[in-house]
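J.: I have a structure I would like to understand better, so I am pasting it below and will then ask my questions one at a time.
Read-outs: derived from the displayed coordinates by stated rules, not from any lab. In this text the structure is predicted, and so the values were computed from the model without any measurement. When we count neighbours, we look across all protein chains shown, and the Cβ atoms used for this are built from the backbone with ideal geometry, even at glycine.
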Ligand SMILES: [Ca+2]
């Protein structure tokens with residue numbers, strides 16, 4: 001190979017390795033999540049030191065987080081933890097916190113998959129638990145398939161709820177969200193940030209409603225159980241009556 005070609009080859013190989021390292025992310029999950037119940041252990045999501053965009057990922061397009069819906073499993077929490085050394089000078093001080101707070105918006109890209117073994121999702125809910133943070137622009141999409149159809153997004157301060165036609169198990173779901181700080185810095189926040197413990201806590205979970213065909217079956221089962229109970233009561237009353245007559 002000629003030197004220039006060799007140099008180009010080496011450069012592209014190095015670039016490829018750097019990109020692969022940047023894209024590499026530890027496998028997360030699968031996570032079981034649903035409304036109610038007690039919270040499951042949180043997952044810490046590093047917010048990279050990137051003053052230009054503050055854009056970061058949970059999962060990746062090639063390494064999605066599978067979420068298995070289960071009633072009563074509890075919301076799962078992400079703790080979005082910024083790099084305390086914001087200006088990358090090797091020390092952590094108030095300049096770092098001021099730089100972090102000077103950035104009005106963080107953007108989180110979430111790459112999920114509807115759990116293969118569970119029911120379809122019909123809703124997705126998120127709430128920021130850390131005070132004084134709220135959602136900016138949010139969106140949801142299903143790469144590779146049309147959807148989600150009949151989408152409604154209900155958004156209020158730290159809460160956002162997505163409602164849509166059922167997304168069947170195995171569907172890939174991308175959720176993109178902006179978050180921003182609406183309060184003023186407190187001494188607790190400063191102390192948490194400087195010790196590397198500050199995190200924006202976000203709770204999230206899907207929900208699912210029974211398929212329409214399942215409802216008549218549930219109704220039949222309940223009627224059957226009620227009839228059995230009535231019959232047992234009649235039998236008991238009849239046998240008590242017979243015993244009373246026998247004693248007379
Ligand atoms: Ca610093």
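J.: Work out the FRET efficiency for residue 188 and residue 168 from their Cβ-Cβ distance, taking R0 = 41 Å, and round it to the nearest 0.05.
T.: Here the calculated transfer efficiency is 0.40.
J.: A further question on this structure: Please list 163-171, 200-208, 65-73 highest first by mean number of surrounding beta-carbon atoms within 10 Å per residue.
T.: Per-residue Cβ counts within 10 Å, averaged per peptide and sorted highest first, yield 200-208, 65-73, 163-171.
J.: Only bridges whose two residues both fall in the range 26-207 count here: according to DSSP, what percent of them are antiparallel, nearest 5?
T.: Looking only at bridges with both residues in the range 26-207, the antiparallel portion is about 70 percent.
J.: Run the numbers for residue 132 and residue 93: contour at 0.36 nm per residue of separation, minus the present Cα-Cα distance, in nm.
T.: Between residue 132 and residue 93, full extension yields 11.8 nm more.
J.: If eta is 1.002 mPa s and T is 20 °C, what Stokes-Einstein diffusion coefficient results for the range 26-207, Kirkwood Rh from Cα pairs, in µm²/s?
T.: Translational diffusion coefficient: 126 µm²/s.
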